[in-house]
Amino acid sequence: MLEIKDPSLTLGGRELLSPHHSFIVYEGEILCVTGGEGSGKTTLLRVLMGLQPLDRGFVNTDGDLLDERSAPYLRREMGYVPQYLDLPDETVEQLIEEYLYMQVNASHRLNQDHVLAQWRAMGIDKAYYQKRVKDVPRGMLQWIMISLIAVTKKKYVLVDEWDASLNRQLVMMGLRQMADNGAAVVVVSNDGTIYSGCQKHVALSEWR
């Protein structure tokens, strides 16, 4: 369960979050965050990860309060897909190996075979494994990141806006699979297909 309760956050003189943006996402649910440019959608994801403190209110994960001390530990159970990716100049294979052998993921004892099996389920061409990250389209990199979150079975999945090149029905299938496997999913999107596939919705006010 991922909860944000009575949040209040003002940045640069703009109120981005207020108590009516409170919500709870349970395991097996997908919540869609909508809003215009500058409305605070990405900031909300940062709050949920403990990277942006609130002025008031709190974030709670399965009864554990997210604060400065607990956030690094609780983030181990989170998978995050940003809208814009700033990745090192290396191959996709190197990137995946680094992810799988991070201390937080090492206990899963996963390898290339597990990742490629997930790729087959998600329709990802295995040829991407040998490509350099800079040569892979942004949307496909987001989809590859989702595959890594899925294979490591993160409890909380946070996804910023998708690249327009990705098939929205395929995206929803991937998110639904993770929710069905027990994840609480929060996705930022103004797309109708994704919106309609979510059980819960939070609308952030457009900045004017």
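General observations
- Label zone of Lys134 (point 7 Å out along Cα→Cβ, amide N under 19 Å): in the stretch 87-107 this covers 87-96.
- Were the residues from Tyr101 through Leu11 laid out at 0.36 nm apart, the gain over their Cα-Cα distance would be 28.7 nm.
- Spacing of the modelled spin labels on Ser196 and Asn111, each 7 Å from Cα toward Cβ, amounts to 4.4 nm.
- Close amide H pairs (under 5 Å, H built 1.01 Å from N) link Phe58 with Lys5, residues at least 5 positions away or on another chain.
- Of all accessible heavy-atom area on the chain, the percent that carbon and sulfur account for (1.4 Å): 48 percent
- Applying 0.36 nm per residue to the separation of Tyr84 and Ser70 and subtracting their alpha-carbon distance, the gain on full extension is 2.4 nm.
- Unit charges on C-beta of K, R, D, E only; dipole of the stretch 50-208, Debye: 360 debye
- Projecting the Cα positions of Leu54, Val81, Gln103 onto the charge dipole of the stretch 18-120 (unit charges on Cβ atoms of Lys, Arg, Asp and Glu, taken about the Cα centre) puts Leu54 furthest along the positive direction.
- Candidates Gly35, Gly50, Gly13: whichever shows maximal mean-square fluctuation once the chain is modelled as a Gaussian network with Cα springs under 10 Å: Gly13
- A full extension of the chain between Arg176 and Glu37 corresponds to an added length of 47.4 nm, given 0.36 nm per residue minus the alpha carbon distance.
- Put the Cα centre of the stretch 178-208 next to the Cα centre of the stretch 52-102 and the gap is 19 Å.
- Residue with peak Gaussian network fluctuation, the chain [Cα springs, cutoff 10 Å], from Thr34, Thr42, Thr193: Thr193
- Within the chain, percent of DSSP bridges classed antiparallel, to nearest 5: 50 percent
- For Arg76, solvent-accessible area (1.4 Å; no DNA, RNA or ligand), Å²: 130 Å²
- Leu166 sits among other residues whose Cβ lies under 12 Å from its own Cβ, and their net charge, with Lys and Arg +1 and Asp and Glu -1, is -1.
The values are calculated or read from the model by the stated rules, or taken from the named source; none is laboratory data. Small disclaimer: the values here were computed from a predicted structure and weren't measured. Here the Cβ is made from the backbone with ideal geometry for all residues, glycine too, and neighbour counts use every protein chain on show. Calculation scope for accessible area: heavy atoms of the full protein, side chains included, ligands and nucleic acids excluded. Shrake-Rupley method; radii C 1.70, N 1.55, O 1.52, S 1.80 Å.
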